[in-house]
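Student: Have a look at this one before I ask anything.
The values are calculated or read from the model by the stated rules, or taken from the named source; none is laboratory data. Source: prediction; values computed, not measured. Positions of Cβ are generated from backbone atoms using ideal geometry, with glycine treated the same way; all protein chains shown enter the neighbour counts.
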Amino acid sequence: MSGWDYEKRAAEVEVERAAISAALILQKSEQNRPLVKAELNDVQATSTQLELFDLVGRDSYDYVEALIRRLPSKRQREHFRHLYLREYHAVEDDGSISFLIGNKQRTHANHFLRELLETRLGKVFSQYQYDLEWLSFSIAEKWGWVLEQSVKYREQIEASDMLLRERENDAVKQKLPFYLMTESKLSVVAGHLSTILAKLQTDFFTERANSGEQFSDKECNDLLVTLYRRIGSLCETIGLPIRYWATFSFHDGDEDFCPNLKSIEIALNKAACDKFWLKQLKKAQKQMVEHLAIACGDVRKDVAAYISEHGFNAWKAQRKKNFDFLRSQILINLDNEEEQAELLDMYLKSSANPSIRHQEMMACLNGIEVWANENNHQALFLTLTAPSAYHAQHSEGGQNKKWNGSSPKQTQAYLNKVWAQYRALLKKRSISFYGMRVAEPHHDGTPHWHLLMYVAKEHVEEVSRLFKQKALEVDGDEAGAKKHRCKVELCDPNKGSATAYIVKYISKNLGGLGDVGYLSDEVEGLGFKDNAGRVRAWASMWGIRQFQFYGVASVGVWRELRRLTAGQIADPALEELRLGADLGDYAFYLDKQGGGGATRDLWRAKLAYEETEENRYGEVGKRIIGIKSEKEEVKSRLKRWQIVPKKAVKTVERSETANTGHSPAWTCVSNCNPRNIKGSANGTSGKLANYFAENAERLERFRQALKMRGIVESLFSETHIFSLLNGGEVKIYGKDYITFDGNEVQIARKH
């Protein structure tokens, strides 16, 4: 047919059809539109929820809420509502009917949210193999599951009538996800676990005992292993493996494998304890919730650096509880109950105090540098960063689509593996190395390392090459890897000491630097003090060791040597070490312990331990008691202390006051001089004489400590000596004060 344009006519037909369809849709929507606009009947709804409901209607609103319901916190759910609205409004108007009625926007936003949650959160959930459904079961349902897992032993284990009734009553019970359970609910779950596992053990041994058989020691051990295998398998199935299971399950079945029966006994004891399970569940839940916060973008600069606000607040609350406990307790010398000390004061004087720890690390680092310079070694400053797939956020901000779902704990394990392999390469080439490493987080909580390393100058090139090789072994060809994944810098003495390269990282991650003008280089505007608090909370959350010396003599031995006084050591080699430690000369101490890079077997002195009593699970711990060499073992901890509540001490005081008219000092931190007390038969001199006679050993140690410092005892009155023996301080000249800690006298200046 001439003049007929098929394509043009087809296009006209499509336009006509579209117009008719639009008219029908609009007509139908007019017919179905309610006379009164639908409202969200939720008095607790946020403004974002109200906006979302008004925009997309009931069906799409319910769909979005169902998707985000599994998120642990309100903040995270609100965050994803905002993302949904952002994506909804980001769709451009293309003039289509689908856009006009909102279908196009809803489809895009629904797809975006579903992909985001299933992809990012799916990567997190895949890291945790907990059977979340099992954990939310009632105890009767758990028993049913155990029976299904142990068909062979159905006749051994029977749920009681009460448990069966509970199972019927809870048939329609709504299950709560593990990571949303309250502590009280976790306590219930822990009780269920311990009850079931304890009964499994009891029934197992009861059946054997009632069988009338006689079992040899070997057969008893075999039965123990059989029970452990069954309990361990059940716990692994629900995602909570018990102690020793990884080793046992890996080697079980090998002909030459001999299971550690002590570890098995301890594991079975723990499996039957609700307190053990509650602790495990709380730790697992805490890390899982934090991991979800990382996936949701709640851990990043401009929101919450290093650790989520929820995690940081929980750490601060726990820290306050710890300090409240320290304030409420007192230490009592079991051999002399009049000698007492505040537990908080002892904490503040120990290396657990960040300020003391900072000073100790600086003393050690300076000593290491002095020894390295004397031996003409080169200092290197290394930086080790994980591949981009381990980072949840980009350094400049924004979610990293390549993120593999790793937690900070898993990234730390990767860095540890790289470091172990690198050390093995150096050892294989007989290259000696020593120094210190610092683990710190990027703004999204992903750890990276800074290392100060000393090596002989002839090995610098090989050490650098091997470091880059190992650091880039995984995804080394990705963009920016060579620039950002590993850095090797020669420490230039013209720019400052080698220690100065790492001291900034110690200060900003531990604290101890008083200048408030110092700011973090990771998060803009964050001061060192605030930075250190958040980093310490991050390290506590993931169990990451922040600071570690390597290739140098034990800092623990150094601490114990500083406790000792002249005359306690007979071995001249040990006494030489003690003198170096007493003078605070770590370089001298390091040299006498074999120098930098020396292996443990070359050390002159090592820590001496004694075993502690078994705990409720049968575990035997180790307690430091002093130091030892090939020739001698010397105790540095001569007193046995007990921690007791202050209330208990004050109760005893009131009793003594009622009987004698006065009470002894209940803390050795008191700076008060003794006074004549009404009702006392003795004056001050008599009381002091009695006190010195009762504490002759402590008085002699004080006198020896004065001699070691070259201080004449006649400078002090009896009341001064009394105060010093009880932990007080005495002014000797100007702003200088002297104290005695039970082993040494210290002179400090007050500013």
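Student: So which helices (runs of 4 or more DSSP H) stay within the stretch 61-122 end to end and still have 1 or more residues that are among the basic types (Lys, Arg)?
Tutor: 74-90, 103-116
Student: Any residue in the stretch 258-271 that is assigned to a loop (DSSP other than H, G, I, E, B) sitting within a Cβ distance under 7 Å of a residue that is at pLDDT below 95? List the pairs, counting only those 6 or more apart or interchain.
Tutor: The qualifying pairs are Pro259/Val225; Pro259/Phe248; Asn260/Tyr244.
Student: What's the total number of residues in the stretch 272-282 that are in contact (Cβ under 8 Å) with a residue 40 or more places away in the chain and either at positive phi or not hydrophobic (A, V, I, L, M, F, W, C) (or both)?
Tutor: The total comes to 4.
Student: May I pose another question? Pick out the one residue from Ala553, Ala570 that is surrounded by fewer than 22 Cβ atoms within 10 Å (Cβ to Cβ) and at pLDDT below 95.
Tutor: Being surrounded by fewer than 22 Cβ atoms within 10 Å (Cβ to Cβ) and at pLDDT below 95 holds for just one of Ala553, Ala570, which is Ala570.
Student: Can you find, within the stretch 194-210, the residue that is surrounded by the fewest Cβ atoms within 10 Å (Cβ to Cβ) among those that are under 34 Å from the mean Cα position of the chain (by Cα) and hydrophobic (A, V, I, L, M, F, W, C)?
Tutor: Filtering the stretch 194-210 for residues that are under 34 Å from the mean Cα position of the chain (by Cα) and hydrophobic (A, V, I, L, M, F, W, C), the one surrounded by the fewest Cβ atoms within 10 Å (Cβ to Cβ) comes out as Ala198.
Student: Among the listed residues Gly596, Gly580, identify the single one that is in a loop (DSSP other than H, G, I, E, B), buried (at least 20 other Cβ atoms within 10 Å of the Cβ) and small (Gly, Ala, Ser).
Tutor: Gly596
Student: Here is a further query. Looking only at the stretch 398-417, how many residues end up being closer than 14 Å to Thr119 by Cβ and modelled with pLDDT of 95 or more?
Tutor: Within the stretch 398-417, residues that are closer than 14 Å to Thr119 by Cβ and modelled with pLDDT of 95 or more number 0.
Yes or no, residue by residue, for (1) within 39 Å of the chain's Cα centre (by Cα); (2) charged (D, E, K, R); (3) surrounded by 12 or more Cβ atoms within 10 Å (Cβ to Cβ):
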position: Gly212; (1), (2), (3): no, no, no
position: Ser216; (1), (2), (3): no, no, no
position: Leu224; (1), (2), (3): yes, no, yes
position: Arg230; (1), (2), (3): yes, yes, yes
position: Leu240; (1), (2), (3): yes, no, yes
position: Arg243; (1), (2), (3): yes, yes, yes
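Results for (1) within 23 Å of Asp302 (Cα to Cα); (2) more than 23 Å from the chain's Cα centre (by Cα), shown as yes or no for each residue.
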| position | (1), (2) |
| --- | --- |
| Gln412 | no, no |
| Glu440 | yes, no |
| His443 | yes, no |
| Arg465 | no, yes |
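Student: Another question about this same structure. Of the residues that sit in the stretch 415-435 and are free of Cβ contacts under 8 Å to residues at least 40 places away in the same chain and not in a helix (DSSP H, G or I), which one is surrounded by the fewest Cβ atoms within 10 Å (Cβ to Cβ)?
Tutor: Among those that are free of Cβ contacts under 8 Å to residues at least 40 places away in the same chain and not in a helix (DSSP H, G or I), it is Ser430.
Student: Kindly establish whether Asn322 is loosely packed, with under 15 Cβ neighbours inside 10 Å and in the same structural domain as Val535 (by the TED database).
Tutor: no
Student: Right, here's the next one. Going by the conditions given, is Lys316 more than 24 Å from Tyr617 (Cβ to Cβ), among the basic types (Lys, Arg) and surrounded by fewer than 20 Cβ atoms within 10 Å (Cβ to Cβ)?
Tutor: Answer is yes for this residue.
Student: Please verify whether Gly445 is surrounded by 21 or more Cβ atoms within 10 Å (Cβ to Cβ), touching a strand residue (DSSP E or B) at 6+ places or on another chain (Cβ under 6 Å) and either among the aromatic types (Phe, Trp, Tyr) or within 30 Å of Asp530 (Cβ to Cβ) (or both), treating the condition exactly as stated.
Tutor: Here the answer is no, as Gly445 does not meet what is asked.
Student: Here is a list: Ala587, Ala581, Ala605. Which entry is under 21 Å from Glu360 (Cα atoms), of a type in the set (A, V, I, L, M) and either touching a residue at least 60 places away in the same chain (Cβ under 8 Å) or assigned by the TED database to the domain that holds Phe433 (or both)?
Tutor: After applying the criteria, what remains is Ala587.
Student: List pairs: first in the stretch 695-707 and under 18 Å from Glu337 (Cβ atoms), second surrounded by 14 or more Cβ atoms within 10 Å (Cβ to Cβ), Cβ under 6 Å, 6+ apart or cross-chain?
Tutor: Short answer, once both residue conditions are applied: Arg698/Leu725; Leu699/Phe692.
Student: Just to be sure I understand, how many residues within the stretch 467-504 are over 30 Å from the mean Cα position of the chain (by Cα), farther than 20 Å from Tyr390 by Cα and not in a loop (DSSP other than H, G, I, E, B)?
Tutor: Qualifying residue count for the region: 2.
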